[in-house]
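Just below is one structure, and these are the notes that go with it.
The values are calculated or read from the model by the stated rules, or taken from the named source; none is laboratory data. Values in this document were obtained by computation on a predicted structure and should not be read as measured data. A quick note on method: Cβ atoms are made from the backbone with ideal geometry, for glycine too, and the neighbour counts reach across all protein chains shown. Please note that ligands, DNA and RNA were not included when accessible areas were found on the heavy atoms of the full protein model with its side chains. Shrake-Rupley method; radii C 1.70, N 1.55, O 1.52, S 1.80 Å.
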Amino acid sequence: VRITTTNIYVQGLFDLPSPLDTNNELTIHLYGTNEYWFTPYDGGSTDARSVGKKPFVVAGGTIHIQAVSNECESWTQLITKVDDYTLTVKDDFANCLSWNDEILVTSSTKTWDADSTRRITSIVPQDDGSDSSIITVDNAITRSLPGLLGPGESVYAVEVASLSRSVHFTADSDDPDGPHIGGHFMIGWTPNVEQVIAGVKIDNFGQGGILGRYPIHFHLSGVSPSTVAKNVIINSNHRCILIHDTDGTTVDNNVCYNHRGHGIATEVGTEDDNVFKYNLVARTLLLPAGQDNGQSDTKGAHNKHQATSYWIRNFNNEFIGNVAAGSSSLCWWPEMTKKKGRSTFWEKQKSTTPVSSFRDNVAHSCKEAGMVTYFRGWKPEGTHDEPGGVWDNFKVYKNPYNGFKFHQTGPIKIVNSLIADNTVGVMYGNGVWEVHLENTIVDGASKDWRFRLGKGCSSHIGIKHSSNRWGETPERSMAFTNTTFQNFCGSGPMFQFYYDSRSGPGMGDAVEMQGTNLVNVWEKNKPTFKCQNELRDNFLEDVDGVLGPTDKGPGYIIRNRNPSKAFLPPDACTPLWYSGSNEWGQCSAFCEGTFCLRLMRIKPFFGEWTTHTDMKLLLSNDEGTEFEYSSLEFKHFDVLLPAGNYHGSVYKADGTELMAREIDVYGIGDDPICQDFVTEANFTFATAPPTPSPTDTPTLSSVPTVTADPIVRIQNALTQRYLWTRWDGGFKGSEDIEPLTNTAITLVKKVCPNDAGYYYNENGLTSSCYLIKWDSANGRRLFAKAGSDWENGVGTSSGKYFNDQIWFIEASVCEEGTASGPCAILRNIVNGRTMYDNENLVVGAAAPTWLFEKTKYKWHLVDSTNGGVVDAAGLE
């Protein structure tokens, strides 16, 4: 049966309840160049919607196509290639094939389009109890094919898919605008209706560059408990299967082949609780130039033209057992949205405890990357111990550029996974908040690569890691637990550190590696640090004693420079001959021993915010060892130190001693894996006494004797919301006190500046001055800029200090009806702006001319230990 028409609308029931009889076919063929508007048939409705050219639209009705048996699988993995014409496959796949059916065999190399399509000439079941059949094809497949029985490891077996169905949707390429205007199939504006599209072959659908014109498109259908299963979409002009603002739909065991633009996707990030499982997408092509849809697969949308087999806008869906097998661009691309009022950017991955909702997926043979989070990234709510995203059993291999490329992403964990035969296994770039590999294999040259493909050991890089991090940002290095690195037996390193000029100088937290296993890794391919000055403070703890020379035990890999070795035992460090060299010798050294290293930041403050930059720090320990550090162009010192007590003095470059008002000391990054590490309490410095007229002789003040700064939650008396900030600076009032890392505030007492023109000084105020600081949220500090008002120019910063980050806190009388306990007013010393939270749930800072007796300007300082309200008068 063949139906040829210009358009189809379904408002009742389109029903094909069971597969067609053998040798029967149904074809629906669309043609024409007219633009159509769909108007519901409801007795005079004028609510018309544009549906474009060659539309097949289900709106207000139901489609039920069950054109394939539920027992049939759309694709399988090859068991073995018998010869160039004969393949062995599983019976549950072969039993649903017929003579002359078309099959696809995917790429088995780094070449994205090295796939094959063939016609079946015979199908012969095996009688050996193997539940397999032998299929013969019409033309030879001369390339080597990995199978479940070899050659090579079974994990790399190619996919074999059926491209034939008995129900066809097809369309003419008859449009004067070009051959890219095929048909399109939309289920739209129809919530709470179960739709079924199963077993259809859709050919030449999609309209290049036109949003909403796709081969299968669920559009604005709310909760739609529908099924899209076992379909084949080939030669699509624009994407494959799109779920747009629709929830609860299952996309299962479909095949997309030779499509342009993104493949299977959620479109705008508002889609929840959809399930994508066991789909195969191969030969993803770019949209041609000029076919601009305004989204990220349009040429010019980003710094390069890209398209991806799977486009994820929201991880509150499930992705299980899907394969991307050959793309001219990307395999997987989580491109998160961030929308005002409904943000998916920060949301956690959907939880399907105890297993991950992103599991058993595959990315291979994709030209640019197997998985990329560039450029917007994904930063789910979570921590190092409980990351917001978990990717389980993810196989990423034979991608000619990057396996993973991470940017602005984390914290996430990748577990039980395989990263193999990629030119770069993991590119760990700018602004990443930790990616943690656990129980995962990183393979530089698999047996399949070395023996089946005959490539031998290669120049593949396992991990390429940007190690330069600002010490005061949430950026974190990678972490590895029970990770195996294997077959780095050529010129490629298992782990390569590099400097990313977009990131801050120096190193933040160290890479964390525990339970590391090395198999067939040449010594010269173990981790080292280059001679770049930006990487001067890098170090890597070798907990397991496997990362250094083979004759060494546990220790550290460090930059081979005197400042890094100054306080280590004199015979502890051995230069690494394979680490490159400069005029001072080898760039890296391995320091064997049980000492515990930590990178500390030491920041002197001299009372003005334009501090000295060319300084020297003379540091000594209790054993009499001393070393002089230079601040270079920065206003601080980063020093790599073992445990011990340290005493310091700060000097100008000419040797003149500088008397700092105070010196901040803190560790960069998380606590080390080892336990006996140096802390802030182990430092003493010569500082000027905290008086308006410093004495001639400095006093020696010890960090641990200083009275602890109070830790509070600051809650508005009117709205009962707490001041809240994130690591990245997201600032708001929150009704929830949890997580405490976002609401716990340290009131850090500061010396009040005497600058003329400051509100504090002009009004002769004497209240103590404070930083309002979130220590557990990257040390961010509250500020209110001059020249702004209300919510403008108010936020938190972890960058350098400015005086507009200093506040004085005044005791105030609470209004009746507010929470019990005394109130306080928070006022900026520079401009007098006063913090408020109003009925519109907007946090800001008003100018000093406003009336601060209003409740919205009053705050409770809630003690973090007992929940009581602190009297601001008692802070003095």
For region 115-127, state whether one or more residues are under 29 Å from I197 (Cα atoms), within 39 Å of the chain's Cα centre (by Cα) and hydrophobic (A, V, I, L, M, F, W, C). no
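Table: residues versus (1) surrounded by fewer than 19 Cβ atoms within 10 Å (Cβ to Cβ); (2) at pLDDT below 80; (3) touching a Leu at 6+ places or on another chain (Cβ under 6 Å).
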{"residue": "T594", "(1), (2), (3)": "yes, no, no"}
{"residue": "R598", "(1), (2), (3)": "no, no, no"}
{"residue": "E623", "(1), (2), (3)": "yes, no, no"}
{"residue": "E628", "(1), (2), (3)": "yes, no, yes"}
Leading residue by the ranking (modelled with the lowest pLDDT) among those in region 575-587 that are open to solvent by 60 Å² or more (accessible area, probe 1.4 Å) and of a type outside the set (D, E): W584
Condition check: surrounded by fewer than 23 Cβ atoms within 10 Å (Cβ to Cβ), touching a residue at least 12 places away in the same chain (Cβ under 8 Å) and of a type in the set (G, A, S). Does A157 satisfy that? yes
T117: passes all of (1) open to solvent by 20 Å² or more (accessible area, probe 1.4 Å); (2) among the β-branched types (V, I, T); (3) under 23 Å from K447 (Cβ atoms) but (3)
Quick one: K750 ticks every box in (1) surrounded by fewer than 19 Cβ atoms within 10 Å (Cβ to Cβ); (2) at negative phi; (3) modelled with pLDDT of 85 or more except a single one, so which number is it? (1)
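Kindly indicate which of T22, T33, T4 is among the hydroxyl-bearing types (S, T, Y), open to solvent by 30 Å² or more (accessible area, probe 1.4 Å), in a loop (DSSP other than H, G, I, E, B) and more than 27 Å from Y278 (Cβ to Cβ).
Details: T22 fails: more than 27 Å from Y278 (Cβ to Cβ); T4 fails: in a loop (DSSP other than H, G, I, E, B).
Going through T22, T33, T4 in turn, the sole match is T33.
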Taking the conditions exactly as written (touching a strand residue (DSSP E or B) at 6+ places or on another chain (Cβ under 9 Å), polar (S, T, N, Q) and open to solvent by 10 Å² or more (accessible area, probe 1.4 Å)), does S221 satisfy them or not? no
Only one of (1) hydroxyl-bearing (S, T, Y); (2) touching a helix residue (DSSP H, G or I) at 6+ places or on another chain (Cβ under 9 Å); (3) at pLDDT 95 or above fails for S417. Which number is that? (2)
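Collect the residues in region 553-566 that are assigned to a helix (DSSP H, G or I) and not basic (K, R), keeping them in residue-number order.
Scanning region 553-566 gives N562, P563, S564.
This table checks each residue for (1) crowded, with 23+ Cβ neighbours inside 10 Å; (2) in a loop (DSSP other than H, G, I, E, B); (3) on the phi > 0 side of the Ramachandran plot.
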position: D544; (1), (2), (3): no, yes, no
position: G548; (1), (2), (3): yes, yes, no
position: D551; (1), (2), (3): no, yes, no
position: L568; (1), (2), (3): no, yes, no
position: D571; (1), (2), (3): no, yes, no
position: A589; (1), (2), (3): yes, no, no
position: P604; (1), (2), (3): yes, no, no
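Collect the residues in region 71-117 that are of a type in the set (G, A, S) and touching an Asp or Glu at 6+ places or on another chain (Cβ under 7 Å), keeping them in residue-number order.
Answer for region 71-117, where residues must be of a type in the set (G, A, S) and touching an Asp or Glu at 6+ places or on another chain (Cβ under 7 Å): just S107.
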Residue match in region 766-775 (condition: open to solvent by 70 Å² or more (accessible area, probe 1.4 Å), under 30 Å from E381 (Cβ atoms) and not hydrophobic (A, V, I, L, M, F, W, C)): yes
For the structure I just gave you, tell me whether N430 is in a loop (DSSP other than H, G, I, E, B), under 24 Å from G389 (Cβ atoms) and modelled with pLDDT of 95 or more. no
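Do we have P474 as at pLDDT 95 or above and assigned to a loop (DSSP other than H, G, I, E, B) here?
No: the conditions fail for P474.
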Has region 404-422 got any residue that is hydroxyl-bearing (S, T, Y), farther than 20 Å from F315 by Cα and touching a strand residue (DSSP E or B) at 6+ places or on another chain (Cβ under 9 Å)? no
Take W449 and tell me if it is open to solvent by 10 Å² or more (accessible area, probe 1.4 Å), among the aromatic types (F, W, Y) and closer than 25 Å to I558 by Cα. no
Residue check for V251: of a type in the set (A, V, I, L, M) and either outside any loop (DSSP other than H, G, I, E, B) or open to solvent by less than 10 Å² (accessible area, probe 1.4 Å) (or both): yes
So which residues in region 254-288 are touching a Lys or Arg at 6+ places or on another chain (Cβ under 6 Å), closer than 21 Å to C366 by Cβ and assigned to a loop (DSSP other than H, G, I, E, B), if there are any at all? G261, H262, L287
Taking the criterion of being surrounded by 22 or more Cβ atoms within 10 Å (Cβ to Cβ) and modelled with pLDDT under 85, would at least one residue in region 826-842 satisfy it? no
Counting only residues that are open to solvent by 40 Å² or more (accessible area, probe 1.4 Å), over 13 Å from I134 (Cβ atoms), of a type outside the set (S, T, N, Q) and in a loop (DSSP other than H, G, I, E, B), how many does region 82-114 have? 6
Would a scan of region 204-215 turn up a residue that is touching a residue at least 40 places away in the same chain (Cβ under 8 Å), assigned to a strand (DSSP E or B), open to solvent by 10 Å² or more (accessible area, probe 1.4 Å) and touching a strand residue (DSSP E or B) at 6+ places or on another chain (Cβ under 9 Å)? no
State all residues of region 553-566 that are closer than 18 Å to K526 by Cβ and either open to solvent by 10 Å² or more (accessible area, probe 1.4 Å) or among the β-branched types (V, I, T) (or both); if no residue qualifies, say none. G553, P554, I557, I558, R559, N560
Residue satisfying all of: in region 309-324; open to solvent by 10 Å² or more (accessible area, probe 1.4 Å) and modelled with pLDDT under 95; nearest to the chain's Cα centre (by Cα) among these: R313
Would you mind listing the strands (runs of 3 or more DSSP E) fully within region 739-813 where at least 3 residues are within 23 Å of D863 (Cα to Cα)? 745-750, 769-774, 780-784, 806-812
Failed condition for Y428, given (1) out of contact with any strand residue (DSSP E or B) (no Cβ under 8 Å at 6 or more places or on another chain); (2) of a type in the set (S, T, Y); (3) open to solvent by less than 30 Å² (accessible area, probe 1.4 Å), with all others met? (1)
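Yes/no matrix, rows are residues, columns are (1) open to solvent by 10 Å² or more (accessible area, probe 1.4 Å); (2) modelled with pLDDT under 95; (3) within 16 Å of G389 (Cβ to Cβ):
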position: W333; (1), (2), (3): no, no, yes
position: R342; (1), (2), (3): yes, yes, no
position: F345; (1), (2), (3): yes, yes, yes
position: V362; (1), (2), (3): yes, no, no
position: E368; (1), (2), (3): yes, no, no
position: V372; (1), (2), (3): no, no, yes
Name every residue in region 120-169 that is of a type in the set (D, E) and outside any loop (DSSP other than H, G, I, E, B), in order of residue number. E159
